[in-house]
Amino acid sequence: MMLLHGLRARLRALFHPAAADNELSDEIRFHIELETEKNLRLGMSPDDARRFAVAHFGGVQRVREEHRDVRRLQWIEDFAGDTRFALRTLGRTPALAGAAIITLALGIGANVSIFSAVNAVVLRPLPFPAQDRLMVITEENPEKHWHLNVAAPANLLDWRAGVSDFQDVTGYVDGLGRSTLTGRGEPQLLASGYVMGNFFSTLGVRAALGRALTDDDTWTNGTHVIVLSDRGWREHFGADPAIVGKTATIDGKTFEVVGVMPPTFAYPREQVDCWQSIEWDKTKTAEVSFRRAHYMRAVARLKPGATQAHADAELQAVVNRLKHDYPATNRVMGAAMMPLHDFLIRDTRLPLLILLTSVAFLLLIACANVGNLLLVQAAGREREAALRLALGAGRARLVRQGLTESLVLSAIGGAAGLALGWAGTRALVHLQPQGMLRVHDFGVDRSVFVYLIAISVVSALIFGIAPALWTRHRNPADSLKEGGRGAAHGGHARRWGDVLVVGEVALALLMTVGAGLLVRSFLQIRRVDAGFDPHGVLAAAVELNARYDTSTKVDAFMSALEARARAIPGVTGAALASNVPFKGTSYTTDFIAYGRPEGGYGTEIGNRTVTPSYFATMKVPVLRGRVFGAEDREGSTPVLVINEALANSYFKGEDPVGQRITFGKVVTPKSTWYTIIGVVGNEHVDALDIAPRIEAYHAEAQEPSSYMVVLMRTKGDPAALTRTLRAVLRDLDPTLTLLEVTTMERLRAESLARARFLTTLLLGFAVIGLVLSVVGVYGVLAHVARNRTREMGIRIALGAQASQVRWLVVRQGLGLAAVGLLCGGVVALFATRAMTKLLFNVAPNDPGTLVGVALLLAVTSVLASWIPALKASRADPSVALRAD
């Protein structure tokens, strides 16, 4: 109790010193009055009684000081005093303080922005119970070069049944489908996720309203049910609290709404509106197609106490059994398992960590810059520090005061950096390529605040340590002697400043080389020929509903749609395709060329269905043979057009026109043989930085598809055709709506968005780092030139030319830059290897980039040195000598 009372008294004295002093005065007065009354009773006069009472008390002021020393928390009061002194010091040098705060704010703000993204995407756990027990199971096939591939449904069900360490295994279609909601005014688009019925229970998520899907919903049972996301419930169903049990018409089918999920759940994509059951037919699970088609992303939940290693061992045993039981599909089919969180961030972790490293370098450059500013300030205040040391102040006290100034400066810079960082997070959210960061929003939370405080304190120690150490080792007698000359003390600080500048240049080189590699890589990607002309082409998908239940109906509708689209004013060409470049291939299959060994060729062939005018509309060159014509109808000889990659890979040295191929690994009596009628140029269907895959084009009239993309070319703005095309579709069938309306130019830009985003960010940080390093070189040389004014004056008086004086300063700047470039270049040769996966047709140690960046930094260092050199060369000898 006495300890608590004493601590309470000390805290009260710290925060309310006036009240504590008043209480002490009252207590002293009380003791003196008691002693005075005692003396009066002994017969003393009033004056003598009081005088003897004060003397007996022992000195009022001494008692006051002793009491204050006992009651106060010394280090807190010292820190508070140092803080007040630091604020007054910064107020006397607003230019220096402003430059330091802005520099720190840039470095800290960039760190806050990028760390917020890293925290939200990489560090923050998934919003699922026991998320560490959720695993993704992927299929691996070395023959087809599959890695982390989606699974076949039959394999997924066998894993579920055969691994005892799995509490459950579920699956979902990777990506979202587009569905059309009708019956509620104008047709509306829904982003639909297709999942197994145990999807929600495996993830451990419950519905906010109604129920989630159940395992029974996985199988066809005559009813269709959906679960709404919170977003879909609010945007498409008006947040109706009584929605559970009601029906909705989606793609011509009637669905019962059985539940609404909480707002915190939106998986596998943030933009999902509803989840539909996959609805497999139990009677067809034994068919080979159920094991040959791969389209399910498998997620397993480990039982409590089960380990990933043991579960994986069981999984591999099941995989080996399936290889033996189903050699036609599983002969080389493997499986791998990894935590769900690691799987989701696999493509994002490396770019974010590189960005975080970049902003860490930027902060170090900023700290070096501020350290140089403080060195200049410390050199200017050296005489003051020497006097304080001579009068008895301890060196540790001066160092502590200097570090306190650094902490105050860093705290102000951190507050400004927090504001910049918050704005940066908002910009990142809006500018990121869709889906890159996996979260629709992120900001400044507790983890980011802790990170902010940590980097602010560390920054203060980094840029405050050099002035503190330099002050600690200074001899006050030397400083007082040098103070009269005013120049020599600058030489002692110069070594510290030189070290900081070398570090700045080295870090700037690392950042700029990384940015340069990404810029070169991005330019290489942009130069890639897409294989078609994307300019002036509108792309809008249409999916037919259940009313179109025969191939005749599908073909009739698609033919009418193409004809009406071609007739729209301003349209110079129109076609239909089952998929378009930069959206991936519709599906892939094994294939066999006639007269060649069976068993497939490892790499699968991509398949697309197009109308005859597709190649002319997209301006895909026809290299050999012909493309589809009116004669290629249903019932005629099945024909194909293949791309150049397929022709060069599998018909090398032969003319592929007239050759026949079939799809599958083995030939059966039911195999359909297609005759190749033409070869066209390669199109980049995935992305510009991914090599064109081998592809075959099918005639739409021979194989009608209920999902097609309408392509229209115009000389004007293709987006202006959207309204007219909507009207055409409404006139043909008012229950349908356009899906994913975009332009081919936009799709091409989106394929570059990720590379552009990373390149822009890293380049921006590199430019800031380069500017700060140039400012650092300028600051050091300006300080050096200012302190060597007397020397320069003497040189000029003795006959030195202005150019020679300028060269002295510029040479020093080049020397510092050269050392920094050498150090940074050596590190860059090894560090840039981490960027290999982000580069396209550019080596991570590309000599052209390294040399170019080094030359850039050398030139900027010369420019930064030139202004101080110019001022030094104009020194007036008479003024310099009088100053001595």
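Tallying residues that are in contact (Cβ under 8 Å) with a residue 40 or more places away in the chain, closer than 21 Å to MET618 by Cα, touching a helix residue (DSSP H, G or I) at 6+ places or on another chain (Cβ under 9 Å) and not polar (S, T, N, Q) within the stretch 723-763 yields 6.
Residue by residue, here is whether (1) on the phi < 0 side of the Ramachandran plot; (2) open to solvent by less than 20 Å² (accessible area, probe 1.4 Å); (3) touching a Lys or Arg at 6+ places or on another chain (Cβ under 9 Å); (4) part of a loop (DSSP other than H, G, I, E, B) holds:
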| residue | (1), (2), (3), (4) |
| --- | --- |
| MET511 | yes, yes, no, no |
| PHE522 | yes, no, yes, no |
| VAL528 | yes, no, no, yes |
| PHE532 | yes, yes, yes, yes |
| ALA541 | yes, yes, yes, no |
| LYS553 | yes, no, yes, no |
| PHE557 | yes, yes, no, no |
| ALA574 | yes, yes, yes, no |
| VAL580 | yes, yes, yes, yes |
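Taking the criterion of being open to solvent by less than 50 Å² (accessible area, probe 1.4 Å) and assigned to a strand (DSSP E or B), the residues of the stretch 633-662 that qualify are VAL639, LEU640, VAL641, ILE642, ASN643, ILE661, THR662.
The numbered conditions (1) touching a strand residue (DSSP E or B) at 6+ places or on another chain (Cβ under 6 Å); (2) in a helix (DSSP H, G or I) are all true for LEU747 except (1). Within the set VAL448, VAL359, the sole residue that is at pLDDT 85 or above and within 20 Å of VAL767 (Cα to Cα) turns out to be VAL359.
Consider the stretch 121-168 and keep the residues that are at pLDDT below 90 and touching a strand residue (DSSP E or B) at 6+ places or on another chain (Cβ under 9 Å). The one that is farthest from ALA317 (Cα to Cα) is LEU126. Just the residues that are in contact (Cβ under 8 Å) with a residue 60 or more places away in the chain, hydrophobic (A, V, I, L, M, F, W, C) and not in a strand (DSSP E or B), please, taken from the stretch 218-265. Correct list: MET261, PHE265. Taken across the stretch 470-486, residues that are at pLDDT below 90 and among the aliphatic types (A, V, I, L, M) do occur, with at least one present.
Per the listing THR668, THR609, the residue uniquely surrounded by 13 or more Cβ atoms within 10 Å (Cβ to Cβ) and either β-branched (Val, Ile, Thr) or more than 21 Å from MET708 (Cβ to Cβ) (or both) is THR609.
Go through the residues of the stretch 277-284 one by one and say whether even a single one is within 27 Å of ILE345 (Cβ to Cβ), in contact (Cβ under 8 Å) with a residue 12 or more places away in the chain and open to solvent by 30 Å² or more (accessible area, probe 1.4 Å).
Going through the stretch 277-284, the residues within 27 Å of ILE345 (Cβ to Cβ) turn out to be 278.
With the extra rule that they be in contact (Cβ under 8 Å) with a residue 12 or more places away in the chain, the set shrinks to 278.
In the following step, the residues that additionally are open to solvent by 30 Å² or more (accessible area, probe 1.4 Å) were identified as 278.
Yes; the residues of the stretch 277-284 include at least one that is within 27 Å of ILE345 (Cβ to Cβ), in contact (Cβ under 8 Å) with a residue 12 or more places away in the chain and open to solvent by 30 Å² or more (accessible area, probe 1.4 Å).
Within the stretch 420-430, identify whether any single residue is at pLDDT below 85, in contact with a Ser or Thr (Cβ under 8 Å, 6 or more places away or on another chain) and open to solvent by less than 60 Å² (accessible area, probe 1.4 Å), and answer yes or no. Yes, that holds for at least one residue.
Restricting attention to the stretch 690-712, and to residues there that are under 20 Å from SER179 (Cβ atoms) and either assigned to a loop (DSSP other than H, G, I, E, B) or hydrophobic (A, V, I, L, M, F, W, C) (or both), which single residue is most open to solvent (accessible area, probe 1.4 Å)? Within the stretch 690-712, the match that is most open to solvent (accessible area, probe 1.4 Å) is SER706.
For the stretch 752-770, give me the residue count where each residue is more than 26 Å from ALA368 (Cβ to Cβ) and crowded, with 22+ Cβ neighbours inside 10 Å. Steps first, please.
First, pick out the residues of the stretch 752-770 that are more than 26 Å from ALA368 (Cβ to Cβ): 752-757.
So of that shortlist, the ones also crowded, with 22+ Cβ neighbours inside 10 Å come out as 755.
Residues in the stretch 752-770 being more than 26 Å from ALA368 (Cβ to Cβ) and crowded, with 22+ Cβ neighbours inside 10 Å: 1 in total.
Pull up the stretch 287-305, narrow it to residues that are touching a residue at least 40 places away in the same chain (Cβ under 8 Å) and small (Gly, Ala, Ser), then point me to the one that is most open to solvent (accessible area, probe 1.4 Å). So the residue we want is ALA293.
Under the condition of being closer than 16 Å to LEU350 by Cα, buried (at least 20 other Cβ atoms within 10 Å of the Cβ) and β-branched (Val, Ile, Thr), the residues counted in the stretch 827-850 number 1. Of the set (1) over 25 Å from the mean Cα position of the chain (by Cα); (2) assigned to a helix (DSSP H, G or I), all apply to THR742 but (2).
Give, as residue ranges, the strands (runs of 3 or more DSSP E) completely inside the stretch 82-201 that count at least 3 residues that are over 22 Å from ALA309 (Cα atoms) and open to solvent by less than 40 Å² (accessible area, probe 1.4 Å). So that I can check it myself, show each step before the final result.
Values: elements: 134-141, 146-149, 166-173, 177-182, 188-195.
Answer list for the stretch 82-201: 177-182, 188-195.
In the set THR247, THR223, only one residue is touching a strand residue (DSSP E or B) at 6+ places or on another chain (Cβ under 7 Å), closer than 16 Å to GLY185 by Cα and open to solvent by 50 Å² or more (accessible area, probe 1.4 Å); that residue is THR247.
The values are calculated or read from the model by the stated rules, or taken from the named source; none is laboratory data. A quick note: this is a predicted structure, and the numbers were derived from the prediction, not measured. Quick reminder, even Gly has a Cβ in these numbers, built from the backbone with ideal geometry, and neighbours come from all protein chains shown. Protein only, heavy atoms only, side chains kept; ligands, DNA and RNA dropped before computing areas. Shrake-Rupley method; radii C 1.70, N 1.55, O 1.52, S 1.80 Å.
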